[in-house]
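Okay, so here's the structure we're looking at.
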Amino acid sequence: MVTWLFVLLVTHAVDVHGYQQADTTQLYACTRSTMPTDVPTVGVTLCDANPTSELNLRRDSDNLQSREGALVIEVVEFGISSEAGLQPGDVIYRVGGVDVDSGDSAADRLSQVNPLSDTIVNFLRQGRPYRVKLRHN
């Protein structure tokens, strides 16, 4: 049993084909002093993003970005955020070209998404920058 456990711990980061698995370490958590904010118009629940000690340890060595913003804690299935590709754990830092630094400011901007045009949302996923277009169908 001890040998099996040792092997499992050593090989957990590589799948059966030898490929590196995606890192799912939490780099952000909700700030304790804030309550989650639902944004039903785009189908997400947000809170203020707080960098974890893991991000602080890996930022320089892994060339990860750190930003203030809103941590996505829930994405409604089949909502426009889900369709665009947002996932729990993403940190939204810009909506429609305007920087956001909290769950409330991101929720305010996301609630103003125009149904007649695309809205660009910039976010970090595992410390790397991405962007998606939100579009009402």
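The values are calculated or read from the model by the stated rules, or taken from the named source; none is laboratory data. Values in this document were obtained by computation on a predicted structure and should not be read as measured data. Cβ: placed from backbone, ideal geometry, glycine included. Neighbour counts: every protein chain shown.
Of all the residues that make up region 113-137, how many are of a type in the set (S, T, N, Q) and surrounded by 12 or more Cβ atoms within 10 Å (Cβ to Cβ)? Don't jump to the end; show me each part of the working.
The initial filter retains those residues of region 113-137 that are of a type in the set (S, T, N, Q), namely 114, 117, 119, 122, 126, 137.
Among the residues that remain, those that are also surrounded by 12 or more Cβ atoms within 10 Å (Cβ to Cβ) are: 119, 122, 126.
So the count comes out to 3.
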Restricting region 42-57 to residues that are of a type in the set (Gly, Ala, Ser) and more than 14 Å from ASP104 (Cβ to Cβ), which is surrounded by the fewest Cβ atoms within 10 Å (Cβ to Cβ)? SER53
Would you point out which residue out of GLU74, GLU54, GLU83 is of a type in the set (Asp, Glu), within 24 Å of ASP118 (Cα to Cα) and either in contact with a Cys (Cβ under 9 Å, 6 or more places away or on another chain) or at pLDDT below 95 (or both)? GLU83
If you check LEU86 against the conditions, is it closer than 17 Å to TYR130 by Cα and under 14 Å from the mean Cα position of the chain (by Cα)? yes
Give the number of residues within region 97-129 that are of a type in the set (Ser, Thr, Tyr) and without any contact (Cβ under 8 Å) to a residue 24 or more places away in the chain. 1
One residue is enough: does region 84-107 have a residue meeting the conditions surrounded by fewer than 18 Cβ atoms within 10 Å (Cβ to Cβ), under 22 Å from THR25 (Cβ atoms) and of a type in the set (D, E, K, R)? no
